[in-house]
Amino acid sequence: MVGKAAGKAKVVLTDYVWESVQMERDILGSLAELTPLQTKKPEDFLAEAKDCDALLNTYAGPITADHMAQMPQCKIIARYGIGVDTIDLSAATAAGIIVTNNPTYCIEEVAEHAMALLLAAARKIAFYDRQVRSGVWAVPPGKPMFRLAGSTLGLIGFGNISRAVAVRAASFGMKVLFYDPYVQDGQFPVPGAKAELADVLKQADYVSLHAPLMAQTKHMLNDATLATMKPTAVIVNCGRGPLIDTDALVRALDNKTIAGAALDTTDPEPLPNPHALRGRENVIITPHAAWYSEQGMIGLQSGAPNEVRRVLSGEWPVNVVNPAVKGKSRAGL
């Protein structure tokens, strides 16, 4: 176990998926000593984090009130990604811990990936590629296919990424509907008409999920909601895997309730091998890669340590997800 260096704050990095942590060290500079770990759950990092001043977090979690109580000096938990479903925000606020995320580093990448999955599903790209590789050169095995222009895209959630998808979809001549109880119709100058969830699912030829994962959205696509969709509809998920009830999705595909799925996120993740979603001709799966580009990687790795640097320097961070902590944080901010 590594203790605090004299005169420096201690920052623990719970886990990371990049080759080097030199960027973190450069950003924190003389303010803090970095302790990088590769853990999967709090029980694995708490021995090091019990005297930390800040926690950098990628996937390791969930981080609960009990875990926070064991880090009495922790002033900030900074997530590298967008979602904060692995952190108990109410508990963090009660404990005086600032929680930040990184909401803008991969907007373009995920929007592009969602459209790529939609296009690949619509035009049977992955299927035809497998056919040609196996020696089959023929159009009929991919039938039926439908023109994208004039079709309807239903967006679940209408945040930054979803709105970027709407712009791209409209450029292909698609009609865009969205469901988001926190966004007003016409609030943003992008294509898209607001509708109730039931209407979006009923009308959409493609449904793309971009809602945050929370109690209200977990398994929002389930046996009942999937049954309301068109039998020709395709689901695209670049959001969070548990937005879809995986077993219900398998049943819908088996029963031809829907036509297909294109998934960058799954539940569980990674999918076991074998799994009922693997190997299907009407399912495309990528390994949670939508966020990635070389530019996105820089934005991902730099966001969280910069927020930690701000807090350790006595500044209010940029992307706070529990703003109610302001004025009563352990950092005195």
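Go through (1) of a type in the set (F, W, Y); (2) free of Cβ contacts under 8 Å to residues at least 24 places away in the same chain; (3) not assigned by TED's automatic domain parsing to the domain that holds A198 one by one and return the number of the condition Y80 breaks.
(2)
Hey, P141 hits all of (1) surrounded by fewer than 17 Cβ atoms within 10 Å (Cβ to Cβ); (2) in contact with a strand residue (DSSP E or B) (Cβ under 8 Å, 6 or more places away or on another chain) but one; which does it fall short on?
(2)
Quick one: which residue in I298, I258 is among the hydrophobic types (A, V, I, L, M, F, W, C) and farther than 17 Å from N101 by Cα?
That would be I258, the only listed residue that is among the hydrophobic types (A, V, I, L, M, F, W, C) and farther than 17 Å from N101 by Cα.
If G299 satisfies every condition in (1) in a loop (DSSP other than H, G, I, E, B); (2) touching a Cys at 6+ places or on another chain (Cβ under 8 Å); (3) not polar (S, T, N, Q) but one, which is the exception?
With (1) in a loop (DSSP other than H, G, I, E, B); (2) touching a Cys at 6+ places or on another chain (Cβ under 8 Å); (3) not polar (S, T, N, Q) applied to G299, the lone miss is (1).
If you check L243, L249, which single one turns out to be touching a Ser or Thr at 6+ places or on another chain (Cβ under 8 Å), assigned by TED's automatic domain parsing to the domain that holds G142 and either within 20 Å of P212 (Cβ to Cβ) or in contact (Cβ under 8 Å) with a residue 40 or more places away in the chain (or both)?
Result of the check over L243, L249: L243.
What residue, of A121, A169, A149, A95, is more than 14 Å from the chain's Cα centre (by Cα) and in the same structural domain as V311 (by TED's automatic domain parsing)?
A95
I'd like the residue in the stretch 15-48 that is within 23 Å of the chain's Cα centre (by Cα) and over 25 Å from S313 (Cα atoms) and, out of all such residues, is modelled with the lowest pLDDT.
V17
Out of T39, T14, report the one residue that is touching a residue at least 40 places away in the same chain (Cβ under 8 Å) and either on the phi > 0 side of the Ramachandran plot or among the hydroxyl-bearing types (S, T, Y) (or both).
Being touching a residue at least 40 places away in the same chain (Cβ under 8 Å) and either on the phi > 0 side of the Ramachandran plot or among the hydroxyl-bearing types (S, T, Y) (or both) holds for just one of T39, T14, which is T14.
Only one of (1) over 23 Å from W316 (Cβ atoms); (2) surrounded by fewer than 23 Cβ atoms within 10 Å (Cβ to Cβ); (3) modelled with pLDDT of 95 or more; (4) in contact with an Asp or Glu (Cβ under 9 Å, 6 or more places away or on another chain) fails for G3. Which number is that?
Among (1) over 23 Å from W316 (Cβ atoms); (2) surrounded by fewer than 23 Cβ atoms within 10 Å (Cβ to Cβ); (3) modelled with pLDDT of 95 or more; (4) in contact with an Asp or Glu (Cβ under 9 Å, 6 or more places away or on another chain), the lone unmet condition for G3 is (3).
Give the residue, chosen from A193, A204, A224, that is of a type in the set (A, V, I, L, M) and within 23 Å of the chain's Cα centre (by Cα).
Of A193, A204, A224, the one residue that is of a type in the set (A, V, I, L, M) and within 23 Å of the chain's Cα centre (by Cα) is A204.
Six or more apart or on different chains, Cβ under 7 Å: which pairs go from a residue in the stretch 203-226 that's assigned by TED's automatic domain parsing to the domain that holds I258 to one that's surrounded by fewer than 16 Cβ atoms within 10 Å (Cβ to Cβ) and hydroxyl-bearing (S, T, Y)? Could you list them?
D205/T232
If you go through the stretch 102-118 one residue at a time, how many are over 16 Å from the mean Cα position of the chain (by Cα) and without any contact (Cβ under 8 Å) to a residue 60 or more places away in the chain? First the steps, then the outcome.
The first filter runs over the stretch 102-118 and keeps only residues over 16 Å from the mean Cα position of the chain (by Cα), leaving 116, 118.
Remaining after also requiring without any contact (Cβ under 8 Å) to a residue 60 or more places away in the chain: 116.
So the answer is 1.
Listed here are the residues, each with its yes/no results for (1) of a type in the set (G, A, S); (2) over 15 Å from A169 (Cβ atoms).
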{"position": "G192", "(1), (2)": "yes, no"}
{"position": "L201", "(1), (2)": "no, yes"}
{"position": "A204", "(1), (2)": "yes, no"}
{"position": "H210", "(1), (2)": "no, no"}
{"position": "Q216", "(1), (2)": "no, yes"}
{"position": "L221", "(1), (2)": "no, yes"}
{"position": "A227", "(1), (2)": "yes, yes"}
{"position": "D247", "(1), (2)": "no, yes"}
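Could you tell me whether V308 is part of a helix (DSSP H, G or I), among the β-branched types (V, I, T) and more than 17 Å from D245 (Cβ to Cβ)? Even if it seems obvious, please write down each step before you answer.
Values: part of a helix (DSSP H, G or I): yes; among the β-branched types (V, I, T): yes; more than 17 Å from D245 (Cβ to Cβ): yes.
Yes.
Against the definition (crowded, with 19+ Cβ neighbours inside 10 Å and not in a loop (DSSP other than H, G, I, E, B)), how does L333 come out, yes or no?
When the stated conditions are applied, L333 does not pass them.
State whether one or more residues within the stretch 151-160 are touching a residue at least 40 places away in the same chain (Cβ under 8 Å), within 30 Å of E196 (Cβ to Cβ), of a type in the set (F, W, Y) and surrounded by fewer than 20 Cβ atoms within 10 Å (Cβ to Cβ).
no
Out of (1) more than 20 Å from Y105 (Cα to Cα); (2) touching a Phe, Trp or Tyr at 6+ places or on another chain (Cβ under 6 Å), what's the single condition that is false for G303?
(1)
The values are calculated or read from the model by the stated rules, or taken from the named source; none is laboratory data. This is a predicted model, so every value here is computed, not measured. For neighbour counting, all protein chains shown are included, and Cβ atoms are generated from backbone atoms with ideal geometry for every residue, glycine included.
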